Ligand code: FES
(Lines give C-alpha, C1' and ligand atoms only; values in the text may rest on other atoms or scores of the structure.)
Protein backbone atom coordinates (compact mmCIF):
# COMPACT_ATOMS: atom_id res chain seq x y z
CA UNK A 1 0.00 0.00 0.00
CA UNK A 2 1.26 3.53 -0.73
CA UNK A 3 2.08 5.86 2.13
CA UNK A 4 -0.13 8.54 0.73
CA UNK A 5 -2.45 9.22 -2.15
CA UNK A 6 -5.78 7.94 -3.26
CA UNK A 7 -5.73 4.67 -5.25
CA UNK A 8 -7.56 4.49 -8.58
CA UNK A 9 -7.89 1.78 -11.23
CA UNK A 10 -5.80 1.88 -14.41
CA UNK A 11 -8.96 2.40 -16.51
CA UNK A 12 -9.89 5.45 -14.50
CA UNK A 13 -6.31 6.74 -14.46
CA UNK A 14 -6.09 6.43 -18.26
CA UNK A 15 -9.32 8.38 -18.59
CA UNK A 16 -8.17 11.08 -16.24
CA UNK A 17 -5.12 11.95 -18.24
CA UNK A 18 -6.39 10.95 -21.67
CA UNK A 19 -4.11 8.03 -22.58
CA UNK A 20 -4.75 4.33 -23.24
CA UNK A 21 -4.26 1.81 -20.45
CA UNK A 22 -1.41 0.24 -22.39
CA UNK A 23 0.69 3.38 -22.00
CA UNK A 24 0.26 3.26 -18.23
CA UNK A 25 1.08 -0.45 -18.19
CA UNK A 26 4.28 0.25 -20.11
CA UNK A 27 5.26 2.89 -17.55
CA UNK A 28 4.57 0.43 -14.75
CA UNK A 29 6.68 -2.24 -16.44
CA UNK A 30 9.48 0.30 -16.98
CA UNK A 31 9.29 1.28 -13.31
CA UNK A 32 8.39 4.92 -13.96
CA UNK A 33 4.93 4.53 -12.40
CA UNK A 34 4.24 2.56 -9.22
CA UNK A 35 1.28 0.19 -9.07
CA UNK A 36 -0.40 -1.46 -6.11
CA UNK A 37 -2.62 -4.44 -6.93
CA UNK A 38 -3.31 -3.05 -10.41
CA UNK A 39 -4.03 0.43 -9.11
CA UNK A 40 -2.07 3.69 -9.02
CA UNK A 41 -2.19 6.75 -6.81
CA UNK A 42 -3.23 10.12 -8.16
CA UNK A 43 0.00 11.58 -6.73
CA UNK A 44 2.15 9.12 -8.69
CA UNK A 45 0.00 9.72 -11.75
CA UNK A 46 0.53 13.45 -11.64
CA UNK A 47 4.25 12.93 -11.08
CA UNK A 48 4.35 10.73 -14.22
CA UNK A 49 2.17 13.14 -16.23
CA UNK A 50 2.95 16.64 -14.92
CA UNK A 51 1.55 18.16 -18.11
CA UNK A 52 -1.83 16.40 -17.93
CA UNK A 53 -4.55 18.38 -19.69
CA UNK A 54 -6.32 19.46 -16.54
CA UNK A 55 -7.87 22.51 -18.06
CA UNK A 56 -10.03 20.28 -20.26
CA UNK A 57 -13.63 21.01 -19.31
CA UNK A 58 -15.04 17.76 -20.76
CA UNK A 59 -16.14 16.52 -17.37
CA UNK A 60 -17.78 19.81 -16.57
CA UNK A 61 -19.69 19.59 -19.84
CA UNK A 62 -20.70 16.03 -19.05
CA UNK A 63 -21.98 17.12 -15.66
CA UNK A 64 -24.00 19.81 -17.40
CA UNK A 65 -25.47 17.26 -19.81
CA UNK A 66 -26.42 14.87 -17.04
CA UNK A 67 -28.05 17.60 -15.03
CA UNK A 68 -29.91 18.81 -18.08
CA UNK A 69 -31.48 15.38 -18.54
CA UNK A 70 -31.87 14.47 -14.88
CA UNK A 71 -33.57 17.60 -13.72
CA UNK A 72 -36.10 17.85 -16.46
CA UNK A 73 -39.00 17.48 -14.09
CA UNK A 74 -40.68 20.64 -12.98
CA UNK A 75 -40.18 20.11 -9.29
CA UNK A 76 -36.44 19.94 -9.80
CA UNK A 77 -36.49 22.91 -12.12
CA UNK A 78 -37.93 24.95 -9.28
CA UNK A 79 -35.82 23.47 -6.53
CA UNK A 80 -32.44 23.41 -8.24
CA UNK A 81 -30.19 26.21 -9.51
CA UNK A 82 -29.29 26.46 -13.17
CA UNK A 83 -26.97 23.89 -14.77
CA UNK A 84 -23.87 26.08 -14.86
CA UNK A 85 -24.22 26.93 -11.19
CA UNK A 86 -24.60 23.25 -10.39
CA UNK A 87 -21.55 22.33 -12.44
CA UNK A 88 -19.51 25.00 -10.63
CA UNK A 89 -20.70 23.75 -7.27
CA UNK A 90 -19.81 20.17 -8.17
CA UNK A 91 -16.34 21.37 -9.13
CA UNK A 92 -15.95 23.20 -5.83
CA UNK A 93 -17.20 20.20 -3.88
CA UNK A 94 -14.72 18.03 -5.79
CA UNK A 95 -11.92 20.29 -4.55
CA UNK A 96 -13.17 20.12 -0.98
CA UNK A 97 -13.46 16.35 -1.20
CA UNK A 98 -9.94 16.07 -2.61
CA UNK A 99 -8.66 18.26 0.24
CA UNK A 100 -10.42 16.10 2.83
CA UNK A 101 -9.06 12.93 1.23
CA UNK A 102 -5.54 14.35 1.25
CA UNK A 103 -5.82 15.44 4.89
CA UNK A 104 -7.19 12.05 5.85
CA UNK A 105 -4.25 10.33 4.22
CA UNK A 106 -1.79 12.69 5.88
CA UNK A 107 -3.36 12.18 9.30
CA UNK A 108 -3.24 8.43 8.83
CA UNK A 109 0.49 8.65 8.07
CA UNK A 110 0.92 10.93 11.04
CA UNK A 111 -0.84 8.50 13.38
CA UNK A 112 1.34 5.65 12.14
CA UNK A 113 4.47 7.68 12.87
CA UNK A 114 3.13 8.69 16.27
CA UNK A 115 2.55 5.04 17.11
CA UNK A 116 6.14 4.20 16.10
CA UNK A 117 7.51 7.03 18.22
CA UNK A 118 5.50 5.97 21.28
CA UNK A 119 6.84 2.45 20.92
CA UNK A 120 10.38 3.90 20.81
CA UNK A 121 9.72 5.99 23.92
CA UNK A 122 8.45 2.92 25.73
CA UNK A 123 11.86 1.31 25.15
CA UNK A 124 13.83 4.21 26.66
CA UNK A 125 15.03 4.48 30.29
CA UNK A 126 12.45 6.18 32.51
CA UNK A 127 14.73 9.18 33.10
CA UNK A 128 14.76 10.04 29.37
CA UNK A 129 11.07 9.58 28.82
CA UNK A 130 9.90 13.05 29.83
CA UNK A 131 12.22 14.74 27.37
CA UNK A 132 11.24 12.31 24.64
CA UNK A 133 7.53 12.87 25.25
CA UNK A 134 8.04 16.65 25.10
CA UNK A 135 9.83 16.19 21.80
CA UNK A 136 6.97 14.15 20.40
CA UNK A 137 4.38 16.68 21.60
CA UNK A 138 6.19 19.50 19.86
CA UNK A 139 6.65 17.42 16.65
CA UNK A 140 2.94 16.50 16.75
CA UNK A 141 1.82 20.14 16.97
CA UNK A 142 3.83 21.07 13.89
CA UNK A 143 2.80 17.97 11.97
CA UNK A 144 -0.92 18.54 12.63
CA UNK A 145 -0.65 22.19 11.50
CA UNK A 146 1.11 21.09 8.30
CA UNK A 147 -1.50 18.39 7.63
CA UNK A 148 -4.34 20.87 8.03
CA UNK A 149 -2.83 23.13 5.38
CA UNK A 150 -1.30 20.82 2.76
CA UNK A 151 1.27 22.30 0.39
CA UNK A 152 -0.73 21.66 -2.74
CA UNK A 153 -3.84 19.86 -3.77
CA UNK A 154 -3.30 17.20 -6.41
CA UNK A 155 -5.39 18.48 -9.36
CA UNK A 156 -5.87 14.92 -10.61
CA UNK A 157 -7.64 14.05 -7.35
CA UNK A 158 -10.03 16.96 -7.96
CA UNK A 159 -10.60 15.83 -11.52
CA UNK A 160 -11.16 12.24 -10.44
CA UNK A 161 -13.89 13.33 -8.04
CA UNK A 162 -15.52 15.28 -10.86
CA UNK A 163 -15.23 12.26 -13.14
CA UNK A 164 -16.98 10.13 -10.54
CA UNK A 165 -19.96 12.48 -10.66
CA UNK A 166 -20.07 12.52 -14.45
CA UNK A 167 -19.31 8.90 -15.31
CA UNK A 168 -19.79 5.57 -13.55
CA UNK A 169 -17.49 2.62 -14.05
CA UNK A 170 -19.14 -0.71 -14.89
CA UNK A 171 -17.50 -4.12 -14.58
CA UNK A 172 -19.12 -7.09 -16.31
CA UNK A 173 -18.61 -10.51 -14.74
CA UNK A 174 -17.59 -13.19 -15.39
CA UNK A 175 -16.07 -11.89 -18.66
CA UNK A 176 -14.17 -9.06 -16.94
CA UNK A 177 -15.10 -6.44 -19.56
CA UNK A 178 -15.35 -2.92 -18.18
CA UNK A 179 -16.62 0.41 -19.47
CA UNK A 180 -17.80 3.84 -18.38
CA UNK A 181 -21.35 5.15 -18.48
CA UNK A 182 -21.36 8.73 -19.68
CA UNK A 183 -24.26 11.11 -19.42
CA UNK A 184 -27.73 9.61 -19.55
CA UNK A 185 -26.75 6.37 -21.33
CA UNK A 186 -28.32 3.11 -20.22
CA UNK A 187 -26.02 0.28 -19.17
CA UNK A 188 -26.62 -1.37 -22.55
CA UNK A 189 -25.84 1.81 -24.51
CA UNK A 190 -22.68 2.40 -22.49
CA UNK A 191 -21.54 -1.17 -23.15
CA UNK A 192 -22.19 -1.02 -26.90
CA UNK A 193 -20.44 2.33 -27.20
CA UNK A 194 -17.40 0.76 -25.56
CA UNK A 195 -17.47 -2.30 -27.79
CA UNK A 196 -18.69 -4.70 -25.11
CA UNK A 197 -21.10 -7.11 -26.86
CA UNK A 198 -23.61 -7.65 -24.06
CA UNK A 199 -26.43 -10.03 -24.75
CA UNK A 200 -29.61 -8.18 -25.79
CA UNK A 201 -32.53 -8.26 -28.18
CA UNK A 202 -34.92 -5.37 -28.70
CA UNK A 203 -33.07 -2.54 -26.83
CA UNK A 204 -36.51 -1.31 -25.86
CA UNK A 205 -37.59 -3.17 -22.73
CA UNK A 206 -39.72 -5.81 -24.45
CA UNK A 207 -37.79 -9.05 -24.84
CA UNK A 208 -36.01 -9.50 -21.51
CA UNK A 209 -32.83 -10.75 -23.19
CA UNK A 210 -30.71 -8.09 -21.50
CA UNK A 211 -31.71 -9.22 -18.00
CA UNK A 212 -28.65 -9.11 -15.74
CA UNK A 213 -27.86 -9.28 -12.05
CA UNK A 214 -26.45 -6.29 -10.19
CA UNK A 215 -23.74 -7.62 -7.88
CA UNK A 216 -22.68 -4.32 -6.33
CA UNK A 217 -23.36 -0.62 -6.67
CA UNK A 218 -26.55 1.23 -7.48
CA UNK A 219 -28.50 1.35 -10.71
CA UNK A 220 -31.55 3.41 -11.58
CA UNK A 221 -34.40 2.75 -13.96
CA UNK A 222 -34.41 5.52 -16.54
CA UNK A 223 -36.61 3.99 -19.25
CA UNK A 224 -39.99 2.30 -19.10
CA UNK A 225 -40.04 -1.41 -19.95
CA UNK A 226 -42.95 -3.68 -20.79
CA UNK A 227 -41.06 -6.84 -19.96
CA UNK A 228 -42.14 -7.98 -16.49
CA UNK A 229 -39.45 -8.98 -14.02
CA UNK A 230 -40.74 -11.40 -11.39
CA UNK A 231 -40.62 -10.43 -7.73
CA UNK A 232 -38.02 -13.18 -7.23
CA UNK A 233 -35.87 -11.64 -10.00
CA UNK A 234 -36.14 -8.19 -8.45
CA UNK A 235 -35.31 -9.54 -5.00
CA UNK A 236 -32.14 -11.12 -6.40
CA UNK A 237 -31.06 -7.86 -8.02
CA UNK A 238 -31.97 -8.56 -11.65
CA UNK A 239 -32.57 -5.54 -13.88
CA UNK A 240 -32.88 -4.85 -17.60
CA UNK A 241 -29.68 -3.33 -18.94
CA UNK A 242 -31.56 -1.43 -21.66
CA UNK A 243 -33.73 0.38 -19.09
CA UNK A 244 -31.28 1.17 -16.29
CA UNK A 245 -28.27 3.37 -15.86
CA UNK A 246 -25.49 3.21 -13.26
CA UNK A 247 -25.76 5.67 -10.39
CA UNK A 248 -22.49 4.56 -8.77
CA UNK A 249 -19.69 2.29 -9.99
CA UNK A 250 -21.33 -1.11 -10.42
CA UNK A 251 -20.56 -4.76 -11.05
CA UNK A 252 -23.09 -6.74 -13.07
CA UNK A 253 -23.30 -10.41 -13.90
CA UNK A 254 -24.29 -10.51 -17.57
CA UNK A 255 -23.88 -12.63 -20.66
CA UNK A 256 -21.52 -11.36 -23.36
CA UNK A 257 -21.59 -12.64 -26.94
CA UNK A 258 -18.66 -14.98 -27.29
CA UNK A 259 -18.83 -15.24 -31.08
CA UNK A 260 -21.06 -15.14 -34.14
CA UNK A 261 -23.01 -18.16 -32.85
CA UNK A 262 -24.45 -15.94 -30.10
CA UNK A 263 -25.91 -13.40 -32.52
CA UNK A 264 -29.41 -14.30 -33.76
CA UNK A 265 -30.40 -14.05 -37.42
CA UNK A 266 -32.74 -11.05 -37.78
CA UNK A 267 -35.05 -9.61 -40.42
CA UNK A 268 -35.64 -5.90 -40.09
CA UNK A 269 -37.42 -3.37 -42.29
CA UNK A 270 -35.12 -0.34 -42.19
CA UNK A 271 -35.50 2.96 -44.03
CA UNK A 272 -33.06 4.96 -46.10
CA UNK A 273 -31.87 7.85 -43.92
CA UNK A 274 -29.55 9.18 -46.61
CA UNK A 275 -27.56 8.09 -49.67
CA UNK A 276 -24.74 10.38 -50.65
CA UNK A 277 -22.11 10.14 -53.34
CA UNK A 278 -18.61 9.90 -51.90
CA UNK A 279 -17.16 10.25 -55.37
CA UNK A 280 -18.64 9.40 -58.80
CA UNK A 281 -17.95 5.69 -58.20
CA UNK A 282 -18.81 5.25 -54.53
CA UNK A 283 -21.92 5.94 -52.48
CA UNK A 284 -22.50 6.01 -48.73
CA UNK A 285 -25.81 4.36 -47.86
CA UNK A 286 -27.20 5.12 -44.40
CA UNK A 287 -30.07 2.90 -43.21
CA UNK A 288 -31.94 3.44 -39.98
CA UNK A 289 -33.77 0.67 -38.16
CA UNK A 290 -36.97 1.23 -36.15
CA UNK A 291 -36.29 2.23 -32.54
CA UNK A 292 -37.84 -1.01 -31.30
CA UNK A 293 -36.04 -3.31 -33.75
CA UNK A 294 -32.33 -2.61 -33.97
CA UNK A 295 -29.74 -4.73 -35.71
CA UNK A 296 -27.54 -6.73 -33.40
CA UNK A 297 -24.28 -7.69 -35.10
CA UNK A 298 -20.57 -8.03 -34.54
CA UNK A 299 -18.14 -5.67 -36.25
CA UNK A 300 -16.96 -7.07 -39.59
CA UNK A 301 -20.16 -9.02 -40.38
CA UNK A 302 -22.32 -8.56 -43.49
CA UNK A 303 -26.07 -8.57 -44.16
CA UNK A 304 -28.33 -9.17 -47.13
CA UNK A 305 -30.16 -6.05 -48.32
CA UNK A 306 -33.36 -6.26 -50.32
CA UNK A 307 -34.82 -3.18 -51.97
CA UNK A 308 -37.46 -2.44 -54.59
CA UNK A 309 -39.01 -5.83 -53.69
CA UNK A 310 -36.54 -8.04 -55.54
CA UNK A 311 -33.09 -6.44 -55.82
CA UNK A 312 -30.70 -7.99 -53.36
CA UNK A 313 -27.04 -7.84 -52.44
CA UNK A 314 -24.81 -9.03 -49.61
CA UNK A 315 -23.02 -6.02 -48.19
CA UNK A 316 -20.49 -5.71 -45.37
CA UNK A 317 -21.58 -3.30 -42.65
CA UNK A 318 -19.31 -0.27 -42.63
CA UNK A 319 -20.24 0.98 -39.17
CA UNK A 320 -19.71 -0.37 -35.68
CA UNK A 321 -22.17 -2.17 -33.39
CA UNK A 322 -21.88 0.77 -30.98
CA UNK A 323 -24.73 2.33 -32.98
CA UNK A 324 -27.17 -0.45 -33.74
CA UNK A 325 -29.83 1.83 -35.26
CA UNK A 326 -27.75 3.62 -37.84
CA UNK A 327 -26.18 1.14 -40.22
CA UNK A 328 -23.78 2.31 -42.94
CA UNK A 329 -22.76 0.67 -46.23
CA UNK A 330 -20.34 1.57 -49.01
CA UNK A 331 -21.83 0.83 -52.43
CA UNK A 332 -19.70 0.75 -55.59
CA UNK A 333 -21.07 1.84 -58.96
CA UNK A 334 -21.26 -1.24 -61.17
CA UNK A 335 -23.06 -0.41 -64.42
CA UNK A 336 -25.37 -3.27 -65.35
CA UNK A 337 -25.69 -4.54 -61.79
CA UNK A 338 -29.37 -3.95 -60.99
CA UNK A 339 -28.83 -3.39 -57.27
CA UNK A 340 -26.03 -0.89 -57.81
CA UNK A 341 -27.90 0.88 -60.62
CA UNK A 342 -30.98 1.25 -58.44
CA UNK A 343 -29.04 2.57 -55.44
CA UNK A 344 -27.15 5.13 -57.56
CA UNK A 345 -30.00 6.24 -59.82
CA UNK A 346 -33.38 5.64 -58.22
CA UNK A 347 -33.18 5.11 -54.47
CA UNK A 348 -35.05 7.71 -52.39
CA UNK A 349 -34.74 8.80 -48.77
CA UNK A 350 -37.38 7.11 -46.63
CA UNK A 351 -37.60 4.05 -48.87
CA UNK A 352 -37.84 0.71 -47.08
CA UNK A 353 -34.87 -1.67 -47.31
CA UNK A 354 -35.16 -5.16 -45.82
CA UNK A 355 -32.13 -6.23 -43.82
CA UNK A 356 -31.54 -9.95 -43.23
CA UNK A 357 -28.60 -11.20 -41.19
CA UNK A 358 -26.01 -10.72 -39.86
CA UNK A 359 -23.66 -13.34 -41.27
CA UNK A 360 -19.96 -13.97 -41.54
CA UNK A 361 -17.19 -14.69 -39.08
CA UNK A 362 -14.77 -11.94 -40.06
CA UNK A 363 -14.77 -10.50 -36.56
CA UNK A 364 -12.22 -9.07 -34.18
CA UNK A 365 -10.23 -11.46 -31.97
CA UNK A 366 -10.29 -8.85 -29.28
CA UNK A 367 -8.86 -10.99 -26.47
CA UNK A 368 -5.73 -11.87 -28.39
CA UNK A 369 -3.67 -9.05 -26.80
CA UNK A 370 -1.63 -8.67 -30.00
CA UNK A 371 -1.31 -5.62 -32.28
CA UNK A 372 -4.01 -5.35 -34.96
CA UNK A 373 -2.92 -5.11 -38.62
CA UNK A 374 -5.70 -4.30 -41.08
CA UNK A 375 -5.22 -4.58 -44.84
CA UNK A 376 -8.09 -2.96 -46.76
CA UNK A 377 -7.97 -3.55 -50.52
CA UNK A 378 -10.19 -1.06 -52.37
CA UNK A 379 -13.78 -1.40 -51.04
CA UNK A 380 -12.55 -3.89 -48.46
CA UNK A 381 -12.33 -0.73 -46.36
CA UNK A 382 -16.05 -1.15 -45.51
CA UNK A 383 -15.77 -4.20 -43.18
CA UNK A 384 -12.33 -3.04 -42.07
CA UNK A 385 -13.83 0.31 -41.01
CA UNK A 386 -16.38 -1.53 -38.88
CA UNK A 387 -13.60 -3.59 -37.25
CA UNK A 388 -11.44 -0.51 -36.76
CA UNK A 389 -14.20 1.45 -35.05
CA UNK A 390 -14.86 -1.51 -32.80
CA UNK A 391 -11.14 -1.94 -32.09
CA UNK A 392 -10.83 1.73 -31.22
CA UNK A 393 -13.80 1.61 -28.85
CA UNK A 394 -12.00 -1.17 -26.95
CA UNK A 395 -9.05 1.18 -26.35
CA UNK A 396 -6.61 -1.70 -26.80
CA UNK A 397 -3.21 -1.66 -25.18
CA UNK A 398 -1.64 -2.79 -28.46
CA UNK A 399 -1.28 -0.68 -31.59
CA UNK A 400 -3.81 -0.54 -34.44
CA UNK A 401 -2.29 -0.40 -37.95
CA UNK A 402 -4.23 0.22 -41.15
CA UNK A 403 -2.82 -0.30 -44.65
CA UNK A 404 -5.36 0.86 -47.22
CA UNK A 405 -4.18 -0.42 -50.60
CA UNK A 406 -6.01 1.03 -53.58
CA UNK A 407 -6.04 0.06 -57.24
CA UNK A 408 -5.77 3.80 -57.91
CA UNK A 409 -5.94 7.07 -55.95
CA UNK A 410 -9.74 7.17 -56.29
CA UNK A 411 -10.00 3.69 -54.72
CA UNK A 412 -8.98 5.23 -51.39
CA UNK A 413 -12.43 6.76 -51.39
CA UNK A 414 -12.59 8.09 -47.80
CA UNK A 415 -9.04 9.35 -47.29
CA UNK A 416 -9.95 11.79 -44.54
CA UNK A 417 -11.44 9.15 -42.25
CA UNK A 418 -8.24 7.21 -41.43
CA UNK A 419 -6.23 10.41 -41.54
CA UNK A 420 -8.46 11.93 -38.84
CA UNK A 421 -8.12 8.78 -36.72
CA UNK A 422 -4.34 8.91 -37.06
CA UNK A 423 -4.35 12.56 -35.95
CA UNK A 424 -6.58 11.87 -32.97
CA UNK A 425 -5.21 8.58 -31.64
CA UNK A 426 -1.68 7.89 -30.50
CA UNK A 427 -1.88 4.14 -31.08
CA UNK A 428 -3.46 4.28 -34.55
CA UNK A 429 -1.11 4.16 -37.55
CA UNK A 430 -2.27 4.65 -41.13
CA UNK A 431 -0.48 3.94 -44.39
CA UNK A 432 -2.02 4.58 -47.80
CA UNK A 433 -0.62 2.70 -50.80
CA UNK A 434 -1.61 2.70 -54.46
CA UNK A 435 -0.82 -0.32 -56.67
CA UNK A 436 -1.65 1.32 -60.00
CA UNK A 437 -3.37 -1.90 -61.17
CA UNK A 438 -7.02 -2.97 -60.93
CA UNK A 439 -7.14 -5.25 -57.87
CA UNK A 440 -10.60 -6.53 -58.82
CA UNK A 441 -9.22 -8.07 -62.05
CA UNK A 442 -5.97 -9.77 -61.09
CA UNK A 443 -3.64 -10.91 -63.85
CA UNK A 444 -0.13 -12.27 -63.42
CA UNK A 445 1.31 -8.78 -63.92
CA UNK A 446 -1.06 -7.25 -61.41
CA UNK A 447 -0.37 -10.05 -58.91
CA UNK A 448 3.30 -9.25 -59.18
CA UNK A 449 2.68 -5.55 -58.50
CA UNK A 450 0.58 -6.33 -55.41
CA UNK A 451 3.05 -8.91 -54.08
CA UNK A 452 5.95 -6.51 -54.52
CA UNK A 453 4.10 -3.86 -52.58
CA UNK A 454 3.16 -6.27 -49.77
CA UNK A 455 6.69 -7.67 -49.55
CA UNK A 456 7.95 -4.10 -49.27
CA UNK A 457 5.64 -3.54 -46.29
CA UNK A 458 6.75 -6.75 -44.63
CA UNK A 459 10.47 -6.21 -45.07
CA UNK A 460 10.14 -2.68 -43.67
CA UNK A 461 8.01 -3.93 -40.75
CA UNK A 462 8.91 -7.52 -39.83
CA UNK A 463 7.18 -6.93 -36.49
CA UNK A 464 3.90 -7.48 -38.33
CA UNK A 465 4.55 -11.16 -37.65
CA UNK A 466 3.72 -10.48 -33.98
CA UNK A 467 0.22 -9.23 -34.73
CA UNK A 468 -3.12 -10.46 -36.01
CA UNK A 469 -3.78 -9.80 -39.70
CA UNK A 470 -7.20 -8.81 -41.06
CA UNK A 471 -7.56 -8.68 -44.86
CA UNK A 472 -10.64 -7.55 -46.83
CA UNK A 473 -11.21 -6.70 -50.47
CA UNK A 474 -11.76 -8.32 -53.88
CA UNK A 475 -11.46 -12.11 -53.59
CA UNK A 476 -8.38 -12.89 -55.68
CA UNK A 477 -6.37 -9.96 -54.30
CA UNK A 478 -7.40 -10.80 -50.72
CA UNK A 479 -6.45 -14.45 -51.12
CA UNK A 480 -3.11 -13.47 -52.59
CA UNK A 481 -2.46 -11.21 -49.61
CA UNK A 482 -3.45 -14.00 -47.21
CA UNK A 483 -1.14 -16.48 -48.96
CA UNK A 484 1.80 -14.10 -48.63
CA UNK A 485 1.40 -13.94 -44.85
CA UNK A 486 0.95 -17.70 -44.60
CA UNK A 487 4.04 -18.27 -46.78
CA UNK A 488 5.95 -16.00 -44.44
CA UNK A 489 5.23 -18.46 -41.66
CA UNK A 490 2.28 -16.81 -39.96
CA UNK A 491 -0.19 -19.35 -38.53
CA UNK A 492 -3.61 -19.56 -40.22
CA UNK A 493 -5.21 -18.84 -36.84
CA UNK A 494 -3.82 -15.30 -36.93
CA UNK A 495 -4.71 -14.32 -40.50
CA UNK A 496 -8.37 -13.44 -41.10
CA UNK A 497 -9.93 -12.93 -44.49
CA UNK A 498 -13.09 -11.42 -45.99
CA UNK A 499 -13.72 -10.88 -49.67
CA UNK A 500 -17.36 -9.92 -49.37
CA UNK A 501 -16.94 -6.34 -50.57
CA UNK A 502 -19.36 -4.87 -53.02
S1 FES B 1 -32.92 -5.76 -24.94
FE2 FES B 1 -34.97 -6.42 -24.92
S3 FES B 1 -35.59 -5.95 -22.93
FE4 FES B 1 -33.61 -5.16 -23.00
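The values are calculated or read from the model by the stated rules, or taken from the named source; none is laboratory data. Keep in mind that this is a model prediction, so the values were computed, not measured. Virtual Cβ from ideal backbone geometry, glycine too; neighbours counted across all protein chains shown.
Summed over the range 179-190, residues that are within 13 Å of the ligand (Cβ to nearest atom) and out of contact with any strand residue (DSSP E or B) (no Cβ under 7 Å at 6 or more places or on another chain) total 1.
In this structure, does residue 196 turn out to be surrounded by 14 or more Cβ atoms within 10 Å (Cβ to Cβ), part of a strand (DSSP E or B) and within 16 Å of the ligand (Cβ to nearest atom)? Criteria not met by residue 196. Within the range 124-173, the set of residues being surrounded by fewer than 21 Cβ atoms within 10 Å (Cβ to Cβ) and assigned to a loop (DSSP other than H, G, I, E, B) comprises 124, 125, 149, 150, 151, 152, 153.
Out of curiosity, is residue 201 more than 23 Å from the chain's Cα centre (by Cα), near the ligand (Cβ under 6 Å from one of its atoms) and not in a helix (DSSP H, G or I)? Judged against the criteria, residue 201 is not a match.
For every residue, the table says whether it meets (1) out of contact with any strand residue (DSSP E or B) (no Cβ under 6 Å at 6 or more places or on another chain); (2) buried (at least 19 other Cβ atoms within 10 Å of the Cβ); (3) assigned by TED's automatic domain parsing to the domain that holds residue 201.
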position	(1), (2), (3)
345	yes, no, no
351	no, no, no
355	no, yes, no
376	no, yes, no
383	no, yes, no
423	yes, no, no
434	no, no, no
448	yes, no, no
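For the structure I just gave you, tell me whether residue 276 is under 25 Å from residue 413 (Cα atoms), part of a strand (DSSP E or B) and free of Cβ contacts under 8 Å to residues at least 12 places away in the same chain. For residue 276, the condition - under 25 Å from residue 413 (Cα atoms), part of a strand (DSSP E or B) and free of Cβ contacts under 8 Å to residues at least 12 places away in the same chain - is met. Scanning the range 214-228 for residues that are more than 10 Å from the ligand (Cβ to nearest atom) and either surrounded by 15 or more Cβ atoms within 10 Å (Cβ to Cβ) or more than 28 Å from residue 261 (Cβ to Cβ) (or both) turns up 214, 216, 217, 218, 219, 220, 221, 222, 224, 228.
A quick yes/no check of all residues on (1) more than 16 Å from the ligand (Cβ to nearest atom); (2) in a strand (DSSP E or B); (3) on the phi > 0 side of the Ramachandran plot:
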| position | (1), (2), (3) |
| --- | --- |
| 192 | no, no, no |
| 212 | no, yes, no |
| 234 | no, no, no |
| 251 | yes, yes, no |
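Flag set for residue 176, criterion: surrounded by fewer than 17 Cβ atoms within 10 Å (Cβ to Cβ), away from the ligand (no atom under 16 Å from the Cβ), on the phi > 0 side of the Ramachandran plot and without any contact (Cβ under 8 Å) to a residue 24 or more places away in the chain.
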